[in-house]
Amino acid sequence: MPPTTHPVLAEVTARIVERSATERTAYLARLDAAAERGPMRTRLACANLAHGFAASGEVDKAALRGKVKPNVAIVSAYNDMLSAHQPFETFPAQLKRAVVRSGGIAQFAGGVPAMCDGITQGRDGMQLSLFSRDVIAMSTAIALSHDMFDATLMLGVCDKIVPGMLIGALSFGHLPAVFVPAGPMTSGLPNGEKARIRQQYAAGEIDREALLEAESASYHSAGTCTFYGTANSNQLLMEVMGLHLPGASFVNPGTPLRAALTDAAAARATALTAWGESWTPVGHVVDEKAIVNGCVALLATGGSTNHTMHLVAIAKAAGITLTWDDLADLSAVVPLMARVYPNGKADINHFHAAGGLGFTVHSLLKAGLLHDDVQTVAGHGLWRYTSEARLIGGELSWEEGPKRSLDTDVLRGADDPFSADGGLRMLDGNLGRSVIKTSAVAPEHRQVKAPARVFDDQADFLQAFSDGDLTGDFVAVIRFQGPAANGMPELHKLTPALGVLQDRGQRVAVVTDGRMSGASGKVPAAIHLTPEASVGGPLARVRDGDLVSLDADAGILELHVAEHDLDEREAASADDSFVYGTGRELFAAFRSHVGPADEGASVFATRKERL
């Protein structure tokens, strides 16, 4: 007998369906109108089609001239500087061969930019990071714009790349889309040791050479970084939302199993086309239930705070309205099942070895906390994702996955979790609304009531720390870091300094309209605060010494200043000199049109919405 759906899961899903009805119906109508049985390229005029295969070899030209083979687009975020995307160098040729073996034809449709938040942390380039998601979405749409394709293979891994590619794919929702991961690098320096060395450097106890040695031992080879930040949260979401093949997310690159899964993704994309055995447009896969499943999986594993924006934006691209209230209500009933750095000492390879997503999905389904009745690229039913991909005699197969955790220090069942609720919470108060990641914050540090120390740039905070000026208990207010101000950069470089102060016995916290990344650490951080300071949010009126309360357990963020007194204050304004140089001036239109964090921090809006 199938498990009973948890009542909160059912209620949240029902209200999402109700509030999204008009937009979702319109989206599906556009999808169905764009769909056509048979190869899409057959609608092109002869001159158009000739341009589409002019550079192909004779065999491919013959296939593309014909009307019986589907053409699969390959869209890739490959570059050879970023470890996570470097393995994609060889994927297009491999995918093309696998598609041909499956009865189709494939073309490399286009590349999308891929930048690394790890490289740009604390640099001017970080101000382009969040906006790169929407650039990637537009780049994906351009790659698919030629009406030559019947399905897509999406090659992306990291922070803004996967959400951007999915948003772009959903604008072509009539096409099937299979996401193809590259896998995490093998484990390097233990994450606890990495964090300790970072704090030593922040405290001036070791030199830069020692720090670089440790970082190089952590990030040491091709593949995704192994901590549980946004990149690995992306992989989890794509699998639980049914856009990866089962078990594909966390297989290391350069292994026979990785190669077999890549071949299988190509074969499956071919089968999902209108002329294949099971036509499955991506716009039908990403429905209300799939979005809720993604939210639940993120919460159950203590995933990246960035997805409180990305999931909202992804849902919007599919005609679905997801709110922070939905995430907050789910978080109250979804148990925390994983401890992966920065929420624990283990890395993503340890999580995978302990039972990984196969066990996680099994346990959540058993508890009634995931929707099984969903369409996926592997077929109907999320139960397919409780299986484990294995090579047996050189052949890829899916075997029954683990039904218990192999390491309960890393992964537990929904019936014996690390905590009864999820790792993300929403804070409300007279400063606005924000997100806090509680899974890495010890219970004794989740309430801070202290005077504000106000900074308009993280560099000023770090200078104050270096000067020994941050004494006593305080709440660091880092403002003018929202999407409309400067693109909402991550402020992760604050974490080691704040960790040092907390370890010294000071009660400290952060309140910011910026981001702290998927690697948010052990210090309580109210992030993504909206409305942001640059659009008149109350944060612009906070002054040094104002008393601030942050209570992660109660969901409260309060400035202890009378409303009348606060209204009487003149709002601070940001120095706009930071919007020039390092490409930032090119994004002025994005800053002027971007929506708030709780609506996905997106530049995409209909004319009606803008009015």
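The values are calculated or read from the model by the stated rules, or taken from the named source; none is laboratory data. Keep in mind the model is a prediction, meaning the values are calculated, not measured. Neighbour counts are summed over all protein chains in view; Cβ atoms, including those assigned to glycine, are modelled from backbone coordinates with ideal geometry.
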Residues located in the stretch 429-443, provided they are of a type outside the set (Ser, Thr, Tyr) and at pLDDT below 95: Val435, Ile436, Lys437, Ala440, Val441, Ala442, Pro443
Selected residue (criterion: modelled with the highest pLDDT) from residues of the stretch 568-585 that are closer than 22 Å to Pro113 by Cα and surrounded by 13 or more Cβ atoms within 10 Å (Cβ to Cβ): Arg584
Residue within the stretch 454-474 that is within 30 Å of Glu599 (Cβ to Cβ), assigned to a strand (DSSP E or B) and at pLDDT 95 or above present: yes
Any helices (runs of 4 or more DSSP H) falling wholly within the stretch 247-329 and containing at least 2 residues that are of a type in the set (Ser, Thr, Tyr): 256-271
Condition broken by Leu236, with the remaining ones in (1) of a type outside the set (S, T, N, Q); (2) under 14 Å from the mean Cα position of the chain (by Cα); (3) not in a helix (DSSP H, G or I) satisfied: (3)
Qualifying positions in the stretch 536-556 - among the acidic types (Asp, Glu), in contact with a strand residue (DSSP E or B) (Cβ under 6 Å, 6 or more places away or on another chain) and closer than 16 Å to Asp421 by Cβ: Asp551
Residue ID - surrounded by the fewest Cβ atoms within 10 Å (Cβ to Cβ), chosen from residues in the stretch 468-481 that are without any contact (Cβ under 8 Å) to a residue 60 or more places away in the chain and not charged (D, E, K, R): Gly468
Inter-residue pairs, beta-carbon under 7 Å, first modelled with pLDDT under 95 and in the stretch 230-248, second among the charged types (D, E, K, R) and in a loop (DSSP other than H, G, I, E, B), 6+ apart: Thr230/Asp159; Ala231/Asp159
Strands (runs of 3 or more DSSP E) lying entirely in the stretch 482-565 (those with 1 or more residues that are closer than 25 Å to Leu128 by Cα and free of Cβ contacts under 8 Å to residues at least 40 places away in the same chain): 508-512
Filter result (surrounded by 24 or more Cβ atoms within 10 Å (Cβ to Cβ), among the aliphatic types (A, V, I, L, M) and out of contact with any strand residue (DSSP E or B) (no Cβ under 7 Å at 6 or more places or on another chain)) within the stretch 485-507: Ala485
Those residues of the stretch 224-235 which are under 13 Å from Gly156 (Cα atoms) and not small (Gly, Ala, Ser), in sequence order: Thr224, Thr230, Asn232, Asn234, Gln235
Filter result for Met81 (assigned by TED's automatic domain parsing to the domain that holds His146, modelled with pLDDT of 90 or more, closer than 30 Å to Phe461 by Cα and in a loop (DSSP other than H, G, I, E, B)): no
Within the stretch 105-119, considering residues that are touching a Ser or Thr at 6+ places or on another chain (Cβ under 6 Å) and at pLDDT below 95, the one surrounded by the most Cβ atoms within 10 Å (Cβ to Cβ): Asp117
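Yes/no per residue for (1) crowded, with 24+ Cβ neighbours inside 10 Å; (2) assigned to a loop (DSSP other than H, G, I, E, B); (3) at positive phi; (4) aromatic (Phe, Trp, Tyr):
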position	(1), (2), (3), (4)
Val135	no, no, no, no
Met138	no, no, no, no
Met148	no, yes, no, no
Leu153	yes, no, no, no
Met165	yes, no, no, no
Gly168	yes, no, no, no
Pro181	yes, yes, no, no
Thr186	no, yes, no, no
Among (1) closer than 16 Å to Gly583 by Cα; (2) buried (at least 24 other Cβ atoms within 10 Å of the Cβ); (3) out of contact with any Gly (no Cβ under 6 Å at 6 or more places or on another chain), the one test that Leu130 misses: (3)
Scope the stretch 35-68; condition assigned to a loop (DSSP other than H, G, I, E, B), surrounded by fewer than 21 Cβ atoms within 10 Å (Cβ to Cβ) and of a type outside the set (A, V, I, L, M); matching residues: Glu36, Arg37, Gly38, Ser56, Gly57, Gly66, Lys67
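To keep it simple, each residue is scored yes or no on (1) of a type outside the set (Val, Ile, Thr); (2) farther than 28 Å from His492 by Cα.
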site	(1), (2)
Phe108	yes, yes
Gly111	yes, yes
Ile119	no, no
Ser129	yes, no
Ile136	no, no
Ile142	no, yes
Leu170	yes, yes
Matching option when the condition is closer than 26 Å to Ser221 by Cβ and hydroxyl-bearing (Ser, Thr, Tyr), among Ser171, Ser145, Ser139, Ser129: Ser129
Those strands (runs of 3 or more DSSP E) lying entirely in the stretch 386-453 with at least 2 residues among the basic types (Lys, Arg): 432-437
Residue list for the stretch 119-133, filter: outside any helix (DSSP H, G or I) and either within 26 Å of Ala264 (Cβ to Cβ) or out of contact with any Asp or Glu (no Cβ under 7 Å at 6 or more places or on another chain) (or both): Gly122, Arg123
Qualifying residue in the stretch 315-325 (condition: basic (Lys, Arg), farther than 30 Å from Thr22 by Cα and in the same structural domain as Pro176 (by TED's automatic domain parsing)): no
